[in-house]
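**Student:** The structure follows.
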Amino acid sequence: MLCYGHFDVQPPDPLDLWESDPFEPEIRGEYVYARGIADDKGQLYMLLKAAEELAAAGELPVNVRFCCDGEEESGGHSIVEFLEADERGADAAVIFDSGMIRRGLPAFNVATRGIVYFHLKVRTGARDLHSGMYGGAALNALHALTTIVAALAQRDGRLPEPLRAGIAAPTEEELAGWRELPAGADELGDQGARPADPTAADEFYVRTFAEPALDVNGIEGGSPYVQKTVLPVVADANLSIRLAPGQDVDEIAAAVERLVKEAAPEGAEVELERLAFAPPGLVPPDSKAIQLGLDAFERALGVRPLLIRSGGTLPIVPALADKGIPTVITGFALPDAHVHSPNERMLVENIPLGIRAARELFVEWAKLG
């Protein structure tokens, strides 16, 4: 069995917002506070402690190997390269790096979205121009850039069909689990976000778990602060596409390049650079390892985990899938864990709970032999 976790953490800044030393765990009320208690050192500890307890009692029925990552938060790929070179493989893997739906309700993530990150540059002339003398006749780089972005953007939550190629549709069991999740309107409202369109809240989980999404992460051209009546001839943007499970990085990247060129106004020079990428991951929910894992958690916690997907990206998940290793991706952080923020926290009672669940998982996975 392969156990993965990362011991690197996000910087604790801003320090003045912490109510205790971020690197000295402190219990206040029901929670223990510390940087990494939820993401991910505290959760990696649960797996280590469970294996240690079973081994000390002579009751560890499986061979366990730990991969402890120090680059997860900085986008390093050493763990992926290690897995590619490792010929030993594994019968199953477990990652405690996510959270519960709510207190007392666990979840297994059976898919993660991938990502392709681009830099787009548009040039429409030799120099900025006087808008009175040339406006309406000369190309404006910002206009060209926004025209291109508009051609790529989703309509009613769906990207153009070339950018939806390869999507792995959710199973009925997954959809049933998603209906048990908090309302999409609440998920958006709790973050101070506004729905993208009238059906966005109702489709929240389909859109964030099972559909690709394109976002403009930054845009620059001309000046939005200085009163300057010019036509900018250079405009830049960073764009990212979250890939749905089942999609191929190279296929979607090629489709983006094709759509950008087709949408560019005549005369606009376009440069599209792929800056970073990670493929999506998909774990068959009906695999024996997952089903045994559900049994183990139900025995440990008294409730069967829901099968959900993650809208985020975890590079190790597709790497494990490529090796044919089914993976339980779960965790014991709550939605209020303040991950990546000051006062990161974990419910104290969830730490022994996580250790108990991990123990049951190791015992149950002996049936894979």
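**Student:** Output the 0 to 90 degree angle, nearest 10, between the alpha-carbon long axis of helix 141-152 and the longest principal axis computed from the alpha carbons of the chain.
**Tutor:** Around 50 degrees separate the two axes.
**Student:** Relative to the longest principal Cα axis of the chain, at what angle does helix 288-301 sit, 0 to 90 degrees, rounded to 10?
**Tutor:** 70
**Student:** Using a/c under 1.5 as the rounded threshold, could you call the chain rounded, prolate or oblate? The axes a ≥ b ≥ c are square roots of the C-alpha gyration tensor eigenvalues, and prolate needs a/b larger than b/c, oblate otherwise.
**Tutor:** Cα axes put the chain in the prolate bin.
**Student:** Which percent, nearest 5, of DSSP beta bridges in the chain are antiparallel?
**Tutor:** Given both bridge residues lie in the chain, the antiparallel proportion sits at roughly 70 percent.
**Student:** Can you give the direction-averaged projected area of the convex hull of the alpha-carbon atoms in the range 48-116, in nm²?
**Tutor:** 7.2
**Student:** Here's something else I'd like to know. Using a Gaussian network model of the chain with C-alpha springs under 10 Å, which one of ALA213, ALA254, ALA111 is most mobile by mean-square fluctuation?
**Tutor:** Result for the chain, Cα springs under 10 Å: ALA254 fluctuates most.
**Student:** Per-residue HN-Hα couplings for the range 89-103, Karplus 6.51 cos²θ - 1.76 cosθ + 1.60 at θ = phi - 60°, whole Hz, x for Gly and Pro?
**Tutor:** Here the 3J(HN,Hα) series is x, 6, 7, 6, 9, 9, 10, 9, 8, 9, x, 8, 5, 7, 3 Hz.
**Student:** Specify the residue with the greatest mean-square fluctuation among GLN247, GLN227, GLN291, computed from a Gaussian network of the chain linking alpha-carbon atoms under 10 Å apart.
**Tutor:** Looking only at GLN247, GLN227, GLN291, the largest GNM fluctuation is found for GLN227.
**Student:** Roughly speaking, what is the centre-to-centre gap between the range 170-203 and the range 211-242 when only Cα atoms are used, to the nearest Å?
**Tutor:** 29
**Student:** For a test of the definition: using alpha carbon positions, the gyration tensor, and the 1.5 limit on a/c, classify the range 1-102 as rounded, prolate or oblate.
**Tutor:** Numbers: a/c = 2.72, a/b = 1.45, b/c = 1.88.
It is oblate, given that a/c is not under 1.5 and a/b is not larger than b/c.
**Student:** Using Cα atoms only, what is the angle between the long axis of helix 249-263 and the major principal axis of the chain, expressed in degrees (0 to 90) to the nearest 10?
**Tutor:** The angle comes out at about 20 degrees.
**Student:** May I pose another question? Once the other residues with Cβ under 15 Å from the Cβ of PRO14 are scored (Lys, Arg +1; Asp, Glu -1), what is the net sum?
**Tutor:** -4
**Student:** So what is the calculated 222 nm ellipticity per residue for the chain, using -39500 (n - 2.57) for each DSSP H run with n of 4 or more, over all residues, to the nearest 500 deg cm²/dmol?
**Tutor:** Numbers: 11 runs with 111 residues, N = 369.
Computed ellipticity for the chain at 222 nm equals -9000 deg cm²/dmol.
**Student:** Quick check: from the Cα gyration tensor, does the range 150-195 come out rounded (a/c under 1.5), prolate or oblate?
**Tutor:** Because a/c hits 1.5 or more and a/b fails to exceed b/c, the range 150-195 counts as oblate.
**Student:** Sticking with this one: List the chymotrypsin sites (Phe, Trp or Tyr not before Pro) in the range 20-115 that DSSP assigns to loop (not H, G, I, E or B) and whose Cβ has at most 13 other Cβ atoms within 10 Å. Which are they?
**Tutor:** PHE23
**Student:** Where does the Debye-calculated log10 I(q)/I(0) of the range 188-320 sit at q = 0.11, 0.14 Å⁻¹, using only Cα point scatterers of equal weight, no solvent?
**Tutor:** Calculated log10 I(q)/I(0) at the listed q: -0.63, -0.91.
**Student:** Trypsin sites (Lys or Arg not before Pro), restricted to the range 202-276: which are DSSP loop and have at most 16 other Cβ atoms within 10 Å?
**Tutor:** For trypsin sites (Lys or Arg not before Pro) across the range 202-276 that sit outside H, G, I, E and B with at most 16 neighbouring Cβ atoms in 10 Å, the list reads LYS228.
**Student:** Count neighbours as other Cβ atoms within 10 Å of each site's Cβ, and list the GluC sites (Glu not before Pro) in the range 229-267 that are DSSP loop with at most 12 such neighbours.
**Tutor:** Listed in order of number, the matching sites are GLU266.
**Student:** Report the FRET efficiency, 1/(1 + (r/R0)^6), for ALA56 and ARG88, where r is their Cβ-Cβ distance and R0 is 25 Å, rounded to 0.05.
**Tutor:** Rounded to the nearest 0.05, the efficiency is 0.55.
Throughout, read-outs are computed from the coordinates displayed, never taken from laboratory work. This is a predicted model, so every value here is computed, not measured. Using ideal geometry, Cβ is built from the backbone for each residue, glycine included, and neighbour counts are taken over all protein chains shown.
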